[in-house]
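This report refers to the structure that appears directly beneath it.
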Amino acid sequence: MAEQSEKWVLMVTAQTPTNIAVIKYWGKRDENLILAINDSISVTLDPAHLCTTTTIAVSPSFNQDRMWLNGKEISLAGGRYQSCLREIRARASDVEDEKKGIKITKNDWQNLHVHVASYNNFPTAAGLASSAAGFACLVFSLAKLMNVQEDNGRLSAIARQGSGSACRSLYGGFVKWVMGKEENGSDSIAVPLVDEKHWDELVIIIAVVSSRQKETSSTSGMRETVETSALIEHRAKEVVPKRIIQMEEAIQNRDFPTFAQLTCADSNQFHAVCMDTSPPIFYMNDTSHRQVAYTFDAGPNAVMISRNRKAATLMLQRLLFHFPPNSDTDLNSYVIGDKSILKDAGIQDIKDVEALPPPPEIKDKVPAQKYKGEISYFICTRPGRGPVLLTDESQALLNPETGLPK
Ligand SMILES: Nc1ncnc2c1ncn2[C@@H]1O[C@H](COP(=O)(O)OP(=O)(O)OP(=O)(O)O)[C@@H](O)[C@H]1O
Ligand SMILES: C[C@@](O)(CCOP(=O)(O)OP(=O)(O)O)CC(=O)O
């Protein structure tokens, strides 16, 4: 290794998407290794709209591992961060940067410390799966920095130890987390089903609910379910295995009605299992299931998947009719992500939202119900790609000279 007195800094930056499950993971058979009681399937969301960017630097001048999340230093002492760091370090290989005159051997990695800076371009811990994108990005960038010679499937088994749902963010498109059988979790990995181009007509709209209250974390919620619910075993053993087969087939065939039926049914059963009695924030009847699928994670945010742009446009018009923004909200910050759907819907400013006619299905119910200000904002997105390395140094979150946040 280069001399300790040398002040070189070597770093990599990566960007990783978040994902939303259409067949839910809920319940662990091993808390430490994070092994699930059933398989799950998710769709990766376009990182252009929701993603994590992480820069990791290594230098002989660093005297401890440190991390900054969204600009604030956080502790890496937690077991989940420690598992990811330990597992990647154990797989590190030699790295040589001839231009910078840096040579790190496999064994050196055990003694070298890293600095991690990560940024989520969406709210952290708001039910938008920041832990999924975050741990996937941590593991992916650590693996690139330390020259780990393993594919994304093997890396997914490490990201899984940060947060279960994170393993599915190692790939784009639709992804299955295979629960596996091994006690050490080596076969509990993510496998890509189809890439993001396979079903690129889908449009995903997320209604981020204005929430004042912190929800029960997924980790403790699923632990309590496994401990107390009699229904969970039936779900994991009988219901999900059949649904996984049907869902894979629906995705392969781009069979939207089956996809929508399974997605909504699984979200409903997941909430039934949680004994979640909160009223849904919107109501859609059986007819709308032909055009739209909904799914709710462990929080109040609704994720709606439309079969194509036309259906998404009609849905956005209805959503904006029922959930208009507060008068002081700017439309530009109320609908974020892929704004072209707004354009298709003929909506340019708040006045156009106010002028929206009631959707035809509620014509006879006067006055139509409106819930002003109940939604913080909508995100329009689509299926997206998996993790990528960002080679443009200007996108790095750490200073290349000091290895400290920029
Ligand atoms: N970019 C990141 N890099 C590393 N860890 C992250 C990152 N973003 C979030 N985390 C970790 O995930 C935790 C938040 O996870 P939590 O499950 O509470 O919320 P969420 O994932 O945003 O929402 P949900 O799981 O309900 O969808 C943070 O406290 C942090 O430990
Ligand atoms: C409802 C879910 O979003 C639960 C996600 O749980 P987490 O992956 O956040 O839990 P831990 O493994 O304890 O970190 C469903 C899903 O994403 O499959």
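The values are calculated or read from the model by the stated rules, or taken from the named source; none is laboratory data. Given the structure is predicted, the values throughout are model-derived calculations rather than measurements. Cβ atoms come from the backbone with ideal geometry, glycine included; neighbour counts cover every protein chain shown. The protein model used for the area step is the full one, side chains on, heavy atoms only, and it has no ligands, DNA or RNA in it. Shrake-Rupley method; radii C 1.70, N 1.55, O 1.52, S 1.80 Å.
List the equivalent ellipsoid semi-axes of region 306-406 in whole Å, largest first, each obtained as the square root of 5λ for an eigenvalue λ of the Cα gyration tensor.
They are 38, 17, 11 Å, listed from largest to smallest.
For Asn308 and Glu201 in the same chain, what is the full-extension length gain: residue separation times 0.36 nm, less their Cα-Cα distance, in nm?
38.0 nm
Say each of Lys339 and Lys7 gets a label point 7 Å from the Cα, pointing the same way as Cα to Cβ; how far apart are those two points in nm?
So the label points at Lys339 and Lys7 sit 4.3 nm apart.
Taking the simple approach of a point 7 Å from Cα along Cα-to-Cβ for both Thr258 and Lys237, what is their distance in nm?
2.7
Can you return the lysines within cross-link range of Lys28? Criterion is Cα-Cα under 24 Å, with same-chain partners fewer than 8 residues away left out.
Lys176, Lys181, Lys214, Lys237, Lys242
Against the longest alpha carbon principal axis of the chain, how many degrees, from 0 to 90 and to the nearest 10, is the axis of helix 309-322 turned?
Compared with the principal axis, the helix lies near 70 degrees.
Would you check the accessible area of Lys100, probe 1.4 Å, heavy atoms only, in square angstrom rounded to 10?
Per-residue accessible area (Lys100): approximately 100 Å².
Given a Förster distance of 30 Å, report the FRET efficiency between Arg223 and Ser327 from their Cβ-Cβ distance, rounded to the nearest 0.05.
Step by step, r from the Cβ atoms, then E = 0.10.
Only bridges whose two residues both fall in the chain count here: according to DSSP, what percent of them are antiparallel, nearest 5?
Beta bridges within the chain, antiparallel portion: roughly 90 percent.
Go through Tyr81, Tyr25 and list them by solvent-accessible area, largest first, probe radius 1.4 Å.
Solvent-accessible surface, decreasing: Tyr81, Tyr25.
Compute the FRET efficiency between Glu150 and Asp94 as 1/(1 + (r/R0)^6), taking r as their Cβ-Cβ distance and R0 = 25 Å, and round to the nearest 0.05.
0.95
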